[in-house]
Amino acid sequence: MPELPEVEVTRRRMAPLLVGRTIARVRTTRPSYFFLTPPAKLRRALEGRTVLALTRHGKYLMATLDNGQTLLLHLGMTGQLFTSDVTSPRLLAKTARSALVPAAQRSFRPDLHTHLVFEFGDGGPELYFRDVRKFGKVGLLATGKADPRIARLGVDALAIEPEALFAATRKRTVPIKSLLLDQAVLAGVGNIYADEALFLAGVRPTRPAQRLTRAECLRLTRAVKQVLERAIETGGSSISDFIGPDGQDGHYQDERWVYSRHGQPCKRCKAVIRRVVLGQRSSHFCPKCQR
DNA sequence: ACCGCACCCTGAGCGC
DNA sequence: TGCGCTCAGGGTGCGG
């Protein structure tokens, strides 16, 4: 679920709980493709390190360490980053070991999906990275050379300029929806906010990218920024898994125009919202408001 | 260079 | 209650 707004909300709330603290001990689960760096190596590299900064590009989080190394984090589809102060009933109900032990439902205990635990040894809250589907990623960036994953990314979606988007659409035959999801063009937009931005811009997701006019690219640029900024303000979308670092749900899902609203009336014109599949992703649009 | 597709994994929700 | 099926917001890598 996490797209740019959820990652940014996570970054803003997590930074004060992470920056300036020294990692005393790291616990991990078994090796899996979740770990870009093998867990044993990761533990050795992180223990004793102090976090200097937490930054974001697209959907990637990067923690700068005091030895110049960078820890890369990606939440994938079901990744959750939170601390032992978490109070989400949804999370606690899922991970409580036994309903017969009330204490287990009041505080989080790492379960089999909690792949990374930071203990700080300062008496403060621990940090957890939990990810059921393991599409998330954690690993150290090689120092001195650019990481291909990061190097591939286009400009962060919050900074996209109309002319750049217009240029990127030329000679591209893919549906505009697919282009918005291409992280090499602009980084951070996922399925929910692509559909929402296209609605706000009045552009149908199926349109071949190269057929968009300059004026439409300008509207789309504004729509992308508007929807992402509004989603950050409302704490992101908590449609299934996302929770903030303190366990708070986001509220953008209450404001969405089209995403997962197929069969329901358009909030603007009452036409029935439709759903089509583009690039193996479900896409939602209003047939009247979007041309 | 570009595009479509298979795949990585687990859980929720649905119809029967 | 339980089974089997479909679907899910992410990214990578392959072949055509």
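Using the Karplus relation 6.51 cos²θ - 1.76 cosθ + 1.60 with θ = phi - 60°, the per-residue 3J(HN,Hα) values for region A:205-211 come to x, 7, 4, x, 4, 5, 8 Hz, with x marking Gly and Pro. What is the diffusion coefficient of region A:121-184 in µm²/s, taking the Kirkwood radius over Cα pairs and the Stokes-Einstein relation at 25 °C with a viscosity of 0.890 mPa s? Once the numbers are plugged in, D ends up at 156 µm²/s. The reciprocal of the average 1/r between distinct C-alpha atoms defines the Kirkwood hydrodynamic radius, which for chain A equals 20.2 Å. The alpha carbon convex hull volume per residue for region A:4-151 rounds to 110 Å³. Among DSSP beta bridges whose residues both lie in chain A, state the antiparallel percentage, nearest 5. Antiparallel: roughly 90 percent of the beta bridges in chain A.
Put in order of Cβ neighbour count within 10 Å, fewest first, the listed residues A:86, A:117, A:272 become A:272, A:117, A:86. What FRET efficiency do you get for residue A:255 and residue A:163 if R0 is 25 Å and r is their Cβ-Cβ distance, rounded to the nearest 0.05? It comes out at approximately 0.30.
When the helices in chain A are scored as -39500 (n - 2.57) per DSSP H run of 4 or longer and the sum is shared across all residues, what 222 nm value do you end up with, to the nearest 500 deg cm²/dmol?
So the helix-based figure for chain A works out to -8000 deg cm²/dmol.
Annotation: amide H of residue A:204 within the under-5 Å range of A:291, sequence separation 5 or more or interchain, hydrogens built in the peptide plane. Distant-in-sequence amide contacts of residue A:154, defined by a placed amide H-H separation under 5 Å and a gap of 5 or more residues or a different chain, comprise A:184, A:185, A:186, A:187. Set the Förster distance to 25 Å, then compute FRET efficiency between residue A:107 and residue A:30 from the Cβ-Cβ distance, nearest 0.05. Efficiency, from the Cβ-Cβ distance: 0.50.
The fraction of Cα-Cα pairs per 10 angstrom bin, counted from 0 for region A:155-285, comes to 13, 44, 34, 9, 0 percent, rounded to whole percents. Here the 3J(HN,Hα) profile of region A:134-143, calculated from phi with Karplus coefficients 6.51, -1.76 and 1.60 at θ = phi - 60°, is 6, 7, x, 9, 9, x, 8, 7, 4, 7 Hz, Gly and Pro shown as x.
For Cα pairs less than 8 Å apart in space and 6+ apart in sequence, what is the mean separation divided by the residue count of chain A, i.e. the relative contact order in percent? In percent, rounded to a whole number, it is 20.
Just so you know, all these numbers are worked out from the coordinates, no wet-lab data involved. Note that the structure is predicted; figures quoted are calculated from it, not measured. Glycine gets a Cβ as well: all are built from the backbone with ideal geometry, and neighbour counts include every protein chain shown.
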